[in-house]
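**Q** Below is a structure I'd like to ask you about.
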Amino acid sequence: MKKKETFWLIGTTSFVLILILWIFGISGLKSDSVTDINVHDTYYVIANIHLIVLIVTLIFFGVYLIRMLRRNFKNLTANLIFMISDITLILIFTFLISLVNSIREIPDSTEYPPLSGGIVENAGNGWNNAYYILLIIQLILIILLTISGIKTGMNYKRTE
């Protein structure tokens, strides 16, 4: 690894660490710390480690996507760090897609007229759009991974 790339890696890691300390604080880095998200009358409790992994992955993905594109896929270390963060994002989106898919399977049903055995109307619950958006994002991530892998392989063979 070149000296300049070491500085970029240390700088990105320092930025991520400062950002996470600013968002969660020292007590937010404990293994049993959670974040409560209040939506109307429902509380979602999420472990901080899941949010930290997401933030770290998104920042490394963004920084090294820009570095990889600016250097035209010539920096092997930047390409590898980008590909690792891209694979991690693909795994995160796979989990999110399965979560949204399980939520969207629950149909809204309303009976008209109520309790009289009338017409039953099944309507979507709004999660279909989120499901398809997540699928499109995951497809874009897979395409980016494929392109960066091919370009890195082509450039790596030239330098040997």
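Bear in mind that the values in this text are calculations on the coordinates, not laboratory data. Just so it is clear, the model here is predicted, and its values are computed rather than measured. We place every Cβ from the backbone using ideal geometry, glycine too, and count neighbours over all the protein chains shown.
**Q** Could you order the peptides 75-83, 58-66 from most to least packed, using the average number of other C-beta atoms within 10 Å per residue?
**A** Ranked from most to least packed, the peptides come out as 75-83, 58-66.
**Q** Can you give me the C-alpha center-to-center distance between the stretch 127-147 and the stretch 17-40, rounded to a whole angstrom?
**A** 28
**Q** As a footprinting exposure proxy, order His40, His50 by other Cβ within 10 Å, with the fewest listed first.
**A** The order, fewest Cβ neighbours first, is His40, His50.
**Q** For Ser33 and Lys151, calculate 0.36 nm times their separation in residues minus their Cα-Cα distance, and state this gained length in nm to one decimal.
**A** Additional length available on full extension: 38.4 nm.
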